[in-house]
1. Would you check if there is a residue in the range 54-63 being farther than 14 Å from residue 104 by Cβ, within 14 Å of the chain's Cα centre (by Cα) and assigned to a strand (DSSP E or B)?
2. Which one of these does residue 74 not meet: (1) assigned to a strand (DSSP E or B); (2) modelled with pLDDT of 95 or more; (3) surrounded by 15 or more Cβ atoms within 10 Å (Cβ to Cβ)?
3. So if I check each of 66, 35, which one is farther than 23 Å from residue 123 by Cα, buried (at least 16 other Cβ atoms within 10 Å of the Cβ), in contact (Cβ under 8 Å) with a residue 12 or more places away in the chain and touching a strand residue (DSSP E or B) at 6+ places or on another chain (Cβ under 6 Å)?
4. Please specify each residue of the range 91-107 satisfying the condition of being touching a strand residue (DSSP E or B) at 6+ places or on another chain (Cβ under 6 Å) and under 19 Å from residue 32 (Cα atoms).
5. Would you confirm, using the coordinates I've provided, whether residue 45 is out of contact with any strand residue (DSSP E or B) (no Cβ under 9 Å at 6 or more places or on another chain), under 20 Å from residue 123 (Cβ atoms) and modelled with pLDDT under 95?
6. State whether the residues of the range 97-120 include one that is assigned to a helix (DSSP H, G or I), exposed (fewer than 15 other Cβ atoms within 10 Å of the Cβ) and at pLDDT below 95.
């Protein structure tokens, strides 16, 4: 049974933030799962929608506090709280309110199947 310790798992720095790709180490392909680690004031380009992929997304705050903007709504969330973006066309973004904020991001398009979730992290890695 695969187990990933988020405190020890390596991060990949991208223009979209510092990510921990989790699909491969967890052995799952039917949905995307990755974590982002961020600090207040850290700038990264995460505002997006999922119109092209059709993905619905959910975000689980596992450390720190984060602010989320889903469409025109904004909400703060802390450890153990989950925020969702069920409409793929809705623009969403998020950022840290406390140092060491970690958000686990989960997404899938209706219909499922192996869709290469998280592959973009390696493609976006900065050297």
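1. Start the filter on the range 54-63 by keeping residues that are farther than 14 Å from residue 104 by Cβ, which leaves 54-56.
Of the ones still in play, those that are also within 14 Å of the chain's Cα centre (by Cα) are 55-56.
If we keep only those that are assigned to a strand (DSSP E or B) as well, we get 55-56.
Yes, there is a match, as at least one residue in the range 54-63 is farther than 14 Å from residue 104 by Cβ, within 14 Å of the chain's Cα centre (by Cα) and assigned to a strand (DSSP E or B).
2. The one condition residue 74 does not meet is (3).
3. Values: 35 fails: farther than 23 Å from residue 123 by Cα.
Unique residue meeting the criteria: 66.
4. 92, 93, 94, 102, 103, 104, 105, 106, 107 - these are the residues of the range 91-107 that are touching a strand residue (DSSP E or B) at 6+ places or on another chain (Cβ under 6 Å) and under 19 Å from residue 32 (Cα atoms).
5. Working: out of contact with any strand residue (DSSP E or B) (no Cβ under 9 Å at 6 or more places or on another chain): no; under 20 Å from residue 123 (Cβ atoms): yes; modelled with pLDDT under 95: yes.
Taking the combined requirement at face value, the residue does not satisfy it.
6. Start the filter on the range 97-120 by keeping residues that are assigned to a helix (DSSP H, G or I), which leaves 119-120.
Still in the running and exposed (fewer than 15 other Cβ atoms within 10 Å of the Cβ): 119.
Applying the additional criterion that residues be at pLDDT below 95 yields 119.
Yes, there is a match, as at least one residue in the range 97-120 is assigned to a helix (DSSP H, G or I), exposed (fewer than 15 other Cβ atoms within 10 Å of the Cβ) and at pLDDT below 95.
The values are calculated or read from the model by the stated rules, or taken from the named source; none is laboratory data. None of these values were measured; they are calculated from a predicted model. Every residue, glycine as well, gets a Cβ built from its backbone with ideal geometry; the counts of neighbours run over all protein chains shown.
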